[in-house]
Amino acid sequence: MKTESSTLAFSAFMALLIGCAGIVATLASNSQAILLDGLFNLIYFSVALVTIKVSKLASRPDSESYPFGYSYFESLVNLCKGLLIFGVSIFALVDAVAALLTGGREISAGLAVIYALFATAACSLTAWVMQRSQRHVSSPLVAADKFNWLVNSVISGAVLAAFCLVMLFEHLGWRAVLPYVDSVLVIAVVVLCLGVPVRMASQALRELLNKTPEEAVAEPVRQAVARGLADIDTLEVRVRMVRPGRLLYVIVHVVLPKDLPEATLANQDALRQRIDEEVRRYYSPVVCDVVFTADNRWAAPSCGLLVDTHASSPTNNA
């Protein structure tokens, strides 16, 4: 897969295939662990349809309706995906605990093993395709899908191992523990993997709230800006950045001395070009806005209130 849309379409198809297989296997085996896996994949399929649309939007430039582009839709999709999976996980956890307290449930281990074997192979294949696609595609949507398919393959493998144990217990005649295996398995899977949707949703929420990206991204960008201004006499430099989805938006305020002879429009444009090139060595796609001023008021942090220089308190700039 060499394009983002084809990679995401393949991911959506596999989610639908495994989800449908999970629902059918649940009806035949009465396993809530399989139902949980099937619901996970059906949720992924429904969100994947939106994800494919968003991936096309994210590559568009800004417009009058969306003056800062469409990258925030990527964060919104990942937030919804994380919250949906979290909700299904909590529902499954409550149901498993209730079943455990009421004597468990009998399952058909043979059918469960067949499904778990199929799901493990399918999830591993999809994760491998996602990994190979990242050689050609740089996309947070594909990266998130790859991570989720890796987790899904591990979960399916654990389910397969557990159902093999059920068959072993049946062979050994340990029938008293059999009704509890499925519920214990669901609880273990949810507890061990609950961090995945939580991390996905929290990361997306931070992006939607315009939080500065992690230092692994932010610090190299600050250093790149400093190199771009290395031979310029500056009074203050403020670098602000946000990363909604795949797009890094950087705004740099440079306070220059009022009598700086090099501060012509042509020289400023040359500096902008240099800073943009330095930043792109570390991250792309990026929008880099550089503002030059001789008054540090325009670079200082602001809450949107107009400061009256003749008064001691701020007034609303309405």
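Within region 118-146, being small (Gly, Ala, Ser) and touching a residue at least 60 places away in the same chain (Cβ under 8 Å) holds for Ala119, Ala122, Ser133, Ser138, Ser139, Ala144. Quick check on Phe68: is it farther than 23 Å from Ala25 by Cβ, assigned by TED's automatic domain parsing to the domain that holds Pro197 and more than 19 Å from the chain's Cα centre (by Cα)? Considered against the rule, which asks whether it is farther than 23 Å from Ala25 by Cβ, assigned by TED's automatic domain parsing to the domain that holds Pro197 and more than 19 Å from the chain's Cα centre (by Cα), Phe68 comes out as yes.
Of the candidates Ile34, Ile43, Ile18, Ile52, the single residue that is over 18 Å from Phe118 (Cα atoms), in contact with a Ser or Thr (Cβ under 9 Å, 6 or more places away or on another chain) and in the same structural domain as Val142 (by TED's automatic domain parsing) is Ile52. Just to be sure, is Val77 outside the structural domain of Gly245 (by TED's automatic domain parsing), under 17 Å from the mean Cα position of the chain (by Cα), closer than 20 Å to Ser139 by Cβ and free of Cβ contacts under 8 Å to residues at least 40 places away in the same chain? Taking the combined requirement at face value, the residue does not satisfy it.
Is there any pair linking a residue in region 170-185 that is within 19 Å of Ala96 (Cα to Cα) to one that is of a type in the set (D, E, K, R) and part of a helix (DSSP H, G or I), with Cβ under 8 Å and at least six apart or on different chains, and which? Listed by first residue and then by second, the contacts come to Leu178/Glu170.
Identify all residues within region 257-279 that are loosely packed, with under 15 Cβ neighbours inside 10 Å and either part of a helix (DSSP H, G or I) or β-branched (Val, Ile, Thr) (or both); write none if there are none.
Step one: of region 257-279, the residues loosely packed, with under 15 Cβ neighbours inside 10 Å are 257-259, 261-262, 264-267, 269-270, 273, 277.
Within region 257-279, Thr264, Leu265, Ala266, Asn267, Asp269, Ala270, Gln273, Glu277 meet the criteria.
Just name the residue that is modelled with the highest pLDDT out of those in region 260-293 that are touching a Leu at 6+ places or on another chain (Cβ under 6 Å) and of a type in the set (A, V, I, L, M). Here the answer is Val286. Pairs are defined by a Cβ separation below 8 Å, a sequence spacing of at least 6 or placement on different chains, a first member in region 252-265 that is closer than 16 Å to Pro301 by Cβ and in the same structural domain as Asp231 (by TED's automatic domain parsing), and a second member that is assigned to a loop (DSSP other than H, G, I, E, B) and charged (D, E, K, R); the pairs so defined are Val255/Asp295. For region 199-220, a residue qualifies if it is surrounded by 13 or more Cβ atoms within 10 Å (Cβ to Cβ) and farther than 16 Å from Pro244 by Cα, and exactly one does: Pro220.
For region 294-306, residues that are of a type in the set (A, V, I, L, M) and either surrounded by 13 or more Cβ atoms within 10 Å (Cβ to Cβ) or at pLDDT below 55 (or both) total 2.
Yes/no matrix, rows are residues, columns are (1) touching a helix residue (DSSP H, G or I) at 6+ places or on another chain (Cβ under 6 Å); (2) among the aromatic types (Phe, Trp, Tyr); (3) in contact (Cβ under 8 Å) with a residue 40 or more places away in the chain:
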position	(1), (2), (3)
Ala204	yes, no, yes
Leu209	no, no, no
Pro213	no, no, no
Ala216	no, no, no
Pro220	no, no, yes
Gly228	yes, no, yes
Ile232	no, no, no
Leu235	no, no, yes
Val242	no, no, no
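Go through the residues of region 89-108 one by one and say whether even a single one is closer than 30 Å to His171 by Cβ, touching a residue at least 60 places away in the same chain (Cβ under 8 Å) and polar (S, T, N, Q). Within region 89-108, one or more residues are closer than 30 Å to His171 by Cβ, touching a residue at least 60 places away in the same chain (Cβ under 8 Å) and polar (S, T, N, Q). Of all residues in region 222-256, those being of a type in the set (A, V, I, L, M), outside any loop (DSSP other than H, G, I, E, B) and out of contact with any strand residue (DSSP E or B) (no Cβ under 6 Å at 6 or more places or on another chain) number 2.
The values are calculated or read from the model by the stated rules, or taken from the named source; none is laboratory data. Note that the structure is a prediction, hence the values are computed from the model and not measured. For neighbour counting, all protein chains shown are included, and Cβ atoms are generated from backbone atoms with ideal geometry for every residue, glycine included.
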